[in-house]
1. Tally up the residues in region B:162-178 that are assigned to a helix (DSSP H, G or I) and more than 8 Å from chain A (Cβ to nearest Cβ), please.
2. Yes or no: residue B:316 assigned to a helix (DSSP H, G or I), more than 9 Å from chain A (Cβ to nearest Cβ) and farther than 27 Å from residue B:180 by Cα?
3. Looking only at region A:45-64, filter to residues that are without any contact (Cβ under 8 Å) to a residue 40 or more places away in the chain and under 17 Å from residue A:103 (Cα atoms); which one of those is surrounded by the fewest Cβ atoms within 10 Å (Cβ to Cβ)?
4. Sort through B:330, B:346 and tell me the only one that's touching a Gly at 6+ places or on another chain (Cβ under 8 Å), modelled with pLDDT under 85 and more than 14 Å from chain A (Cβ to nearest Cβ).
5. Could you list all residues from region B:302-311 that are crowded, with 20+ Cβ neighbours inside 10 Å and either more than 9 Å from chain A (Cβ to nearest Cβ) or closer than 25 Å to residue A:233 by Cβ (or both)?
6. Please work out which one of (1) at pLDDT 95 or above; (2) small (Gly, Ala, Ser); (3) closer than 30 Å to residue A:23 by Cα is the condition residue A:221 fails and give its number.
7. With the requirement that a residue be farther than 23 Å from residue B:4 by Cβ and either acidic (Asp, Glu) or not in a helix (DSSP H, G or I) (or both), what does region B:102-150 give you?
Amino acid sequence: MDRHLVTISTLCFVAAIVRTIVELRAGMFRPARFSFFAIAIGFIFQTAFLSMRGHALGRCPLTNLFEVFIFLAWSVALIYLLIGSTYRLSLMGAFTSPVIFLIQTFALLAPIDTPHARKLPANSWLEFHASMSMIAYGAFALACIAGVMYLVQERQLKTHNLHSIFYHLPPLDTLYAAITRLLWWGFVLYTLGLVSGFFVGHPLPRIQIVCAFAVWILYAAILQGRHLRRLAPRRVAALCIVGFSAALTLLWGITFTAQMYSPP
Amino acid sequence: MNLFCVGLSHHTANVETRERFAGHPKTDGVLRDSGCAEALVLSTCNRVEVYAASAARVPTEAVARCLARSGDKELSEHTAIFYRYEGADCVQHLFRVAAGIDSMVVGETEILGQAKKAYESARSSGAAGPFLHRLFQRAFRVAKQVRTHTEITRGSVSVGTVAVDLAQKIFGNLAGRKVLVLGAGETSERTARALASRGVTDLWVSNRSADRAEELARSMGGWAIPFHLWSEQCREIDILITSTSSDTPLLTSQTLEPVLHQRIDRPLFIIDIAVPRDVDPQVNELEGVYLYDIDSLQAVAEQSLALRRQQIIAAEEIIAAHVVDFRETLARTFNRSSQDSDHSSLGETPLRASQL
């Protein structure tokens with residue numbers, strides 16, 4: 001039953017995508033409130049799902065890959081709603097909706113919503129660790145989206161071939177500042193999640209720790225390259241995309257091993 | 001009551017012909033000499049038009065005579081270039097003009113200001129009555145709606161403003177950005193001034209003639225630097241405007257690449273207006289460098305214009321809906337007022353919807 005809420009929220013993101021495509025095809029795209037509201041409504045349904053599932057499980061709903069993906073999509077929407085509009089990157093909605101749509105569609109179609117064999121007891125440290133890490137992933141996803149926007153804008157400026165979307169994308173400088181801030185937000189939250197993982201009360205599988213540290217080192221390296229001026233903005237933007245793709249793959253590994261080695 | 005428009009524009013007349021009618025026409029003269037109940041003259045460098053309301057039909061020649069300079073003996077030769085729109089066609093024409101669709105540069109917004117000024121002038125002199133009042137108020141609304149709901153005003157269509165807009169797309173806020181003008185030519189000066197008008201304050205000028213560099217720097221509140229030292233500034237500047245008369249490129253990938261390593265996180269925008277070009281085109285391949293020569297700036301301006309032209313259909317749809325609505329509203333309003341009193345508000349025969 002609660003999966004219907006995910007379906008409805010996915011339809012909200014589809015509406016935002018369709019509207020954007022129609023407007024872009026007509027050559028009259030307006031970074032209107034529509035995307036923002038469509039994402040906000042989708043977010044409400046995501047929250048309702050997580051709340052119902054959490055209530056049923058008696059703990060934070062991160063017990064299987066389906067829940068992990070919906071939590072991730074929820075985090076992306078949350079960071080967008082909190083930060084996207086602050087940085088006046090209204091067009092980010094046009095880029096955010098497809099990412100959330102893909103995550104949720106995959107989660108709905110793949111046979112990954114397998115109920116846990118036994119009801120796990122609530123562990124506040126574990127839940128804090130998992131939820132902080134997922135919200136950090138949301139920030140990394142947004143940094144990846146801002147990275148895509150940067151590369152699109154940069155490519156148009158380089159090739160002198162300006163399309164209608166050029167006029168709606170923020171300046172390179174603004175996008176670069178947004179990428180930096182999102183990376184920092186993600187990095188700080190992820191570090192909190194990582195540190196709290198050592199307090200869950202039972203040893204975590206080594207592969208899980210290695211994957212988690214790999215993601216941390218990857219983003220630490222990007223931030224260091226950015227602040228020591230070793231990386232050009234275009235490379236930072238590209239690395240945000242590479243970094244998030246890698247982090248997503250590792251997240252799969254972390255969740256998979258967590259299910260395999262769950263404590264008795 | 002007949003609502004009509006008589007005029008000429010860049011579509012029908014060359015500048016030599018237009019200047020015979022532009023500049024001097026006064027609304028009250030048109031009102032007095034042509035026998036219209038209401039009249040308004042819209043005179044710009046690209047068009048001279050009279051919008052009027054009259055009980056009886058006023059011939060085009062009569063209006064043209066009012067517009068012509070006194071003593072113009074060749075007026076009869078020019079009457080053919082005047083167009084005339086009546087009723088709904090007149091309404092549609094004004095909406096198109098106000099929205100910038102009929103302008104030489106599609107989507108330009110100056111015409112709206114000119115139309116507002118013409119309306120204000122006619123209103124204060126009493127030449128514009130209830131018909132023209134409603135017509136022009138609606139036209140201003142339509143123009144605003146077209147601007148908001150289409151991309152017709154999007155992008156720059158002149159080389160100078162294209163350069164400034166591109167700079168803003170790279171740097172966002174231009175305040176605090178350092179600009180070097182290399183070669184104190186007229187176009188580079190214009191571009192530098194346009195940048196200064198958008199917030200650039202840190203402006204440097206370098207020219208083979210030091211006097212000219214000093215003069216230009218002083219007039220723009222910037223600083224002059226000797227010509228042999230300009231390349232040292234590449235480490236610090238954000239925007240380079242170059243327009244020297246050098247036969248060989250002054251800036252190549254080989255000379256710029258080492259400098260870029262020291263400013264890896266700062267983009268460099270180069271506007272090369274010189275012909276032959278001052279900057280080797282290969283420079284655009286370097287990371288973080290955005291090089292635009294005169295042709296690429298022109299190409300961007302043309303792309304913007306093409307984008308604006310694509311929007312005409314969407315704008316026409318908005319206008320068509322307003323023309324129908326305006327026709328109905330006006331007919332309803334004036335029919336009601338004629339029923340309420342023995343005389344219509346204008347003391348004329350009641351307006352029929354079919355007349356508009």
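1. 5
2. yes
3. A:47
4. Working: B:330 fails: touching a Gly at 6+ places or on another chain (Cβ under 8 Å).
Only one candidate passes the filter, namely B:346.
5. Going residue by residue through region B:302-311, those that are crowded, with 20+ Cβ neighbours inside 10 Å are B:304, B:307-308, B:311.
Of everything in region B:302-311, just one residue is crowded, with 20+ Cβ neighbours inside 10 Å and either more than 9 Å from chain A (Cβ to nearest Cβ) or closer than 25 Å to residue A:233 by Cβ (or both), namely B:308.
6. All conditions are met except number (3).
7. B:104, B:105, B:106, B:107, B:108, B:109, B:110, B:150
Conditions (1) part of a helix (DSSP H, G or I); (2) within 13 Å of chain A (Cβ to nearest Cβ); (3) aliphatic (A, V, I, L, M); (4) within 20 Å of residue B:186 (Cα to Cα), marked per residue:
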| residue | (1), (2), (3), (4) |
| --- | --- |
| B:234 | yes, no, no, no |
| B:237 | no, no, yes, no |
| B:240 | no, no, yes, yes |
| B:248 | no, no, no, no |
| B:255 | yes, no, no, no |
| B:258 | yes, no, no, no |
| B:264 | no, yes, yes, no |
| B:270 | no, yes, yes, yes |
| B:274 | no, no, yes, yes |
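The values are calculated or read from the model by the stated rules, or taken from the named source; none is laboratory data. Bear in mind the structure is a predicted one, so any value in this text is a computation, not a measurement. Here Cβ is always computed from backbone atoms with ideal geometry, including for glycine, and neighbour counts include all displayed protein chains.
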